[in-house]
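Working notes, beginning with the structure itself.
Each reported figure results from applying straightforward, stated rules to the coordinates on display, with no laboratory input. Values in this document were obtained by computation on a predicted structure and should not be read as measured data. As a convention, Cβ positions derive from the backbone with ideal geometry for all residues, glycine included, and neighbour counts pool all protein chains shown.
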Amino acid sequence: MATVELRFSALPEHVRTARLVAAAVARRAGVDEAVLDEVRLAVGEACSRAVGLHRNSGVTAPVKVALIEEEKQFSIEVGDEAPHAVPGGDTPGAQDGDAEIEEDEMGLAVISGLVDDVEVTTGQNGGLIRMTWPTAPPVTALL
Amino acid sequence: MDLSLSTRTVGDRTVVEVGGEIDVYTAPKLREQLVELVNDGNFHLVVDMEGVDFLDSTGLGVLVGGLKRVRAHEGSLRLVCNQERILKIFRITGLTKVFPIHTSVEEAVAATD
């Protein structure tokens, strides 16, 4: 199971909370200090995207964030429950058509520019962005 | 941390000083400010980002939107930023080619190209 799990209502004001929690857990897991800014930004992008998808398609379910500490790596999964459009097709229910889609793509562009190890999966029942960073061995292991 | 905005006029330029975090929650406030300035006839904007602690793609989208608006009036939108973590976001999205980025407000205000 995940080290820390977070579920929040799909509202923009909660994205900051997700960023803060993710950065705190990443720091504890041993993610390099220099990379924490990237973790913060990437998880914020993924959560903003999920919030936008939920709001645009009227999904009332919360956005889910799983922070997973594993041996030598730390992963963050951000899951949404919005029905995803076929790539290249129209997004049903998008109010501001092009602008929404552009922002969505810009968020993904930032994530893929920041994170080397990222997987994006989408299906009829939602999507998942999984991002992974290497961790330094805990200090106690060096003794 | 919320977003802080203040504007002042320097010659024919309008300087928008932004502080705090520009994200999916606060970016609409920046958008409103830029739209209002353009609607009031301020077409040469300098956005001072030195007090910005966090910027995400929503914020980038608002800046690009601002640029589109001023360009429709043959205006300009220049940024002031020296923070590496903010500059990095412009770099990975290729937006360093879109925005003139200056190291000081004085330099941005004096720029004419």
**Fill in**
Most fluctuating of B:84, B:17, B:50 in the GNM of chain B (C-alpha, under 10 Å) is B:84
**Message:** List the residues, sorted by chain then number, that are 5 or more residues from residue B:25 or on another chain and whose placed amide H is less than 5 Å from its amide H.
**Reply:** none
**Request:** Could you pull out every one of the lysines with an alpha carbon less than 27 Å from that of residue B:29, ignoring same-chain neighbours closer than 8 positions?
**Result:** A:64, B:68, B:88, B:97
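For region A:1-83, state the average projected area of the convex hull of the C-alpha atoms over all orientations, rounded to one decimal in nm². If you can, show how the numbers build up before the last one.
Values: hull surface 20.4 nm².
If you wrap the Cα atoms of region A:1-83 in a convex hull and average its projections, you get 5.1 nm².
Under a Cβ-Cβ cut-off of 14 Å, what is the net charge of the residues other than residue A:122 that fall near it, where Lys and Arg count +1 and Asp and Glu count -1?
Values: positive: A:49, A:130; negative: A:77, A:80, A:81, A:104, A:105, A:119.
Its environment carries a net charge of -4.
Just add up the charged neighbours of residue B:103: K/R +1, D/E -1, any other residue whose Cβ is under 15 Å from the Cβ of residue B:103.
Net of charged neighbours comes to -4.
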**Request:** Enumerate the calculated ³J(HN,Hα) couplings along region A:44-61 in order (Karplus 6.51 cos²θ - 1.76 cosθ + 1.60, θ = phi - 60°), each rounded to whole Hz, writing x wherever the residue is Gly or Pro.
**Result:** x, 4, 5, 6, 4, 5, 5, 4, x, 5, 5, 5, 5, 9, x, 7, 9, 5
**Request:** Please state, rounded to one decimal and in Å, the Kirkwood hydrodynamic radius that region B:3-105 gives when every pair of distinct Cα atoms enters the mean of 1/r.
**Result:** 13.3 Å
**Message:** As a test, work out the antiparallel percent of DSSP beta bridges whose residues both lie in the protein assembly as shown, rounded to the nearest 5.
**Reply:** 70 percent
**Asked** With point charges of +1 on the Cβ of Lys and Arg and -1 on the Cβ of Asp and Glu, referenced to the Cα centre of region B:3-105, which listed residue (B:25, B:49, B:96) lies farthest in the positive direction of the dipole?
**Response** B:96
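Could you list A:122, B:112 so that the one with the fewest beta carbons within 10 Å of its beta carbon is first and the one with the most is last?
Details: A:122 17, B:112 5.
Least crowded to most crowded, the residues run B:112, A:122.
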**Neighbouring partner chain Cβ atoms per residue of B:52-59, average, 10 Å criterion** = 6
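What is the ratio of the Cα radius of gyration of the protein assembly as shown to 2.2 N^0.38 Å, with N the residue count, to two decimals? Could you put the intermediate results ahead of the total?
Working: Rg = 19.3 Å, N = 256, 2.2 N^0.38 = 18.1 Å.
Cα-based Rg divided by the globular estimate yields 1.07.
Full extension from residue B:68 to residue B:111: what is 0.36 nm times the residue separation minus their Cα-Cα distance, to one decimal in nm?
Working: separation 43, 0.36 × 43 = 15.48 nm, distance 1.91 nm.
Once the chain is fully extended between residue B:68 and residue B:111, it gains 13.6 nm.
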**Item:** Neighbourhood net charge (13 Å Cβ-Cβ; Lys/Arg +1, Asp/Glu -1) for residue A:3
**Value:** -3
**Message:** Just to be sure I understand the model, the point goes 7 Å from the Cα along the line to the Cβ. What's the resulting residue A:61 to residue A:28 distance in nm?
**Reply:** 2.7 nm
**Request:** Specify the residue with the greatest mean-square fluctuation among B:56, B:12, B:23, computed from a Gaussian network of chain B linking alpha-carbon atoms under 10 Å apart.
**Result:** B:12
